[in-house]
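Reviewing the structure listed below.
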Amino acid sequence: MTDLTDLTLAEARDGLKAKRFSSRELTEAHVAAIEKARALNAFVLETPERALEMAQASDARIAKGEAGALEGLPLGIKDLFCTKGFQTTAGSNILRGFEPQYECTITQQLWNDGAVMLGKLNLDEFAMGSSNETSAFGPVVSPWRRRGSNVHAGGSSGAIEGAHLVPGGSSGGSAAAVAARLCLAATATDTGGSIRQPAALTGTVGIKPTYGRCSRWGVVAFASSLDQAGPIARTVRDAAILLRSMAGPDPKDTTSAEIPVPDFEAAVSRGVKGLTIGIPKEYRLDGMPAEIERLWSEGADWLKSAGAKIVDVSLPHTQYALPAYYIVAPAEASSNLARYDGVRYGLRVPGRDVIDMYEKTRAAGFGREVKRRVMIGTYVLSAGYYDAYYVRAQKIRTLIKRDFEEVYARGIDAILTPATPSAAFAIGEKGSADPVEMYLNDIFTVTVNMAGLPGIAVPAGLDSQGLPLGLQLIGRPFDEETLFAAGQVIEDAAGRMVLPEPWWDSAALKRKGPA
């Protein structure tokens, strides 16, 4: 029998329905895979007992014919989603030990549909990062490696040494766990590209839905007007299946849209015949790697061959998106993170008085990148700078949104762009001296969040070093169905991504020595 961890979400669902294996067997296989892959540091909390308990309950419901849409399917949960009775840290020291006494709306919907929780996934601290290097729990190691690189386990901890690659961020733990076959799919969040960028770097599929499609209640906030939850999965179909359970209106979230959730999976096989796909000229950057330019052209050809019309479009304010984003997002973060003061929950460092306690708690609890963004946000919101920076950035945001509206008003159904400016890079390679270098990884993705639109990243090929590259499709508001249809065309043309072999088993690496 095929290794149960090699199955896609759809294949596992169909196998459970046909009773070819049980949810307990499926869950046990993933629990074992997680134990062997601890050197990747994808999970910050493993919950095997809870997973097996949920799997047992799923098997009972399946036997009674009462299976839900995700019945018995083991998932990973980004540690930004509050889970009742289980630690939720947002990747930060300031929340170590925090166990919510409530369940966030999205995870509750997953449990209602029968999903199984394998554990909580690593992430950049408070979702601030593009490489999963800012986590208080240490960086996640991508399951991918450059062609010909040597990797071995060293030291008593079994940590991986050698050619470490980042999985992208902030949802790096989610992307790495899916690519390493540690879970069938995972929840993730996207503020400026944090679903699509890690998906592209790990050869997985990630969709950032329209702002308001998924509830934000119970998801730790970074930038409230930009944050949106979504899935990372191995195939377009898997992402569609998971998004249907994650999405929906929520009376507890005032930004949640009162719009019915369509059958996303049915849209996957719809095709693109008769659709018009735009190619924005502003995304052709100076110095763009030739292989990304080539893949972009190839993606357009695939869509054209499937019956779509390809036209050039212009999004003139794209060049201002990244600087505007890094004003708006830190400004909102500085407000959202003001609640972490050591008074009610999380870390508390004693001080001479309450102000001293605040200062010491935040100094000890927040990491360097979070402090940087909070300080930037506080600065742009301060008297004398609010109009010069924040107000101007919001005006630019309006212009970016208008650019998309004008393009879609011309009959464009979706827009095709690269997902990232490069393949995965090594841990420590970027951002240590110049944080702007790291911020540039979001150059193709931030416009989508600024305009509140849906965007999907689909694996489309490998670079010269054997690392995944992805293409991005940007859709009309609440038209994720077209993205799934077009994404499936790309997946079919490129071929389903062959995920890396499990070289990360620490025990096996110690036995074999250097690869």
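How charged is the neighbourhood of PRO260? Take every other residue with its Cβ under 13 Å from the Cβ of PRO260, and add Lys/Arg as +1 and Asp/Glu as -1. Let's see the in-between values first.
Details: positive: ARG213, ARG244; negative: GLU258, ASP263, GLU480, GLU481.
In short, -2.
Only counting other Cβ atoms within 10 Å, I'd like ILE456, ILE277 sorted with the fewest neighbours first.
Values: ILE456 33, ILE277 23.
So the residues, fewest neighbours to most, are ILE277, ILE456.
Over region 320-449, what is the relative contact order in whole percent, taking alpha-carbon pairs under 8 Å and six or more residues apart? The partial results should precede the final answer.
On the way: 105 pairs, mean separation 40.0, N = 130.
The normalised contact order for region 320-449 reaches 31 percent.
Just grab the label-to-label distance for LYS19 and GLU359, each label 7 Å out from Cα along the Cβ direction, in nm (one decimal).
With each label placed 7 Å out from Cα toward Cβ, I get 6.8 nm.
Could you give the length gained on full extension between GLU282 and ARG402, defined as 0.36 nm per residue of separation minus the Cα-Cα distance, in nm? Write down the numbers at each step before the final one.
Working: separation 120, 0.36 × 120 = 43.20 nm, distance 1.53 nm.
Contour length minus Cα-Cα distance gives 41.7 nm.
Need the list of lysines near LYS17 for cross-linking: C-alpha distance under 18 angstrom, and skip anything on the same chain fewer than eight residues off.
LYS64
What FRET efficiency, computed as 1/(1 + (r/R0)^6) with R0 = 51 Å and r the Cβ-Cβ distance, is obtained for GLN465 and TYR345, rounded to the nearest 0.05? It would help to have the intermediate numbers written out before the result.
Working: r = 44 Å, r/R0 = 0.87.
Efficiency, rounded to the nearest 0.05: 0.70.
Can you list which of the GluC sites (Glu not before Pro) found in region 257-300 are DSSP loop residues with at most 15 other C-beta atoms within 10 Å? The partial results should precede the final answer.
Values: sites: GLU258, GLU265, GLU282, GLU291, GLU293, GLU298; in loops: GLU258.
When the GluC sites (Glu not before Pro) of region 257-300 are filtered for loop state and at most 15 Cβ neighbours within 10 Å, GLU258 remain.
Between ALA63 and THR378, what FRET efficiency comes out of the Förster formula 1/(1 + (r/R0)^6) with R0 = 41 Å and r the beta carbon distance, rounded to 0.05?
About 0.15, to the nearest 0.05.
Note down the nm distance, to one decimal, between modelled labels 7 Å out along Cα→Cβ at GLN319 and at LYS84.
Calculated label separation equals 5.3 nm.
Kirkwood Rh over alpha-carbon pairs of region 416-484, then Stokes-Einstein at 20 °C and 1.002 mPa s: what D in µm² s⁻¹, rounded to an integer? Walk me through the numbers before you get to the answer.
Details: Rh = 13.4 Å.
Taking Rh from Cα pairs, D becomes 160 µm²/s.
Give, in whole angstrom and from largest to smallest, the semi-axes √(5λ) of the equivalent ellipsoid of the chain, with λ running over the eigenvalues of the Cα gyration tensor. It would help to have the intermediate numbers written out before the result.
Details: eigenvalues 183, 175, 112 Å².
After scaling each eigenvalue by five and taking roots: 30, 30, 24 Å.
Below 8 Å, C-alpha to C-alpha, sequence gap of six or more: please give me the relative contact order for region 250-377 in percent. Walk me through the intermediate numbers first.
Details: 102 pairs, mean separation 27.6, N = 128.
For region 250-377, the relative contact order is 22 percent.
Under 18 Å from the Cα of LYS401, which lysines turn up, not counting those fewer than eight places away in the same chain?
Correct list for LYS401: LYS208, LYS281.
Dipole magnitude of the chain about its Cα centre, charges +1 at Lys/Arg Cβ and -1 at Asp/Glu Cβ only, in debye to the nearest 20?
Values: 55 positive and 59 negative charges, 76 e Å.
Taking the Cα centre of the chain as origin, the dipole is about 360 debye.
What is the order of MET375, MET246, MET438, fewest Cβ neighbours within 10 Å to most? Please report the intermediate quantities before stating the final value.
On the way: MET375 12, MET246 24, MET438 21.
In increasing order of surrounding Cβ atoms, one gets MET375, MET438, MET246.
Kirkwood-based Rg over Rh for region 1-107 (C-alpha set), two decimals? All intermediate terms of the calculation are to be shown ahead of the outcome.
Values: Rg = 15.0 Å, Rh = 15.0 Å.
Taking Rg over the Kirkwood Rh, I get 1.00.
Each label point is 7 Å from the Cα along the Cα-to-Cβ direction; what then is the distance between the points at ARG50 and GLU99, in nm?
For ARG50 paired with GLU99, the spin-label model returns 1.0 nm.
Please tell me the relative contact order of the chain in percent, rounded to the nearest whole number, where contacts are Cα pairs under 8 Å and at least six residues apart. If you can, show how the numbers build up before the last one.
Working: 1259 pairs, mean separation 95.7, N = 515.
Worked out over the chain, it gives 19 percent.
Lysines near LYS84 by alpha-carbon distance under 18 Å, same-chain residues fewer than 8 away left out - which ones?
LYS120, LYS252
Since every read-out is calculated from the coordinates, none of them should be taken as a lab result. Here the structure is a predicted model, which is why all the values come from computation and not from measurement. Methodologically, a virtual Cβ is constructed for each residue, glycine included, from the backbone with ideal geometry; neighbour enumeration extends over all protein chains shown.
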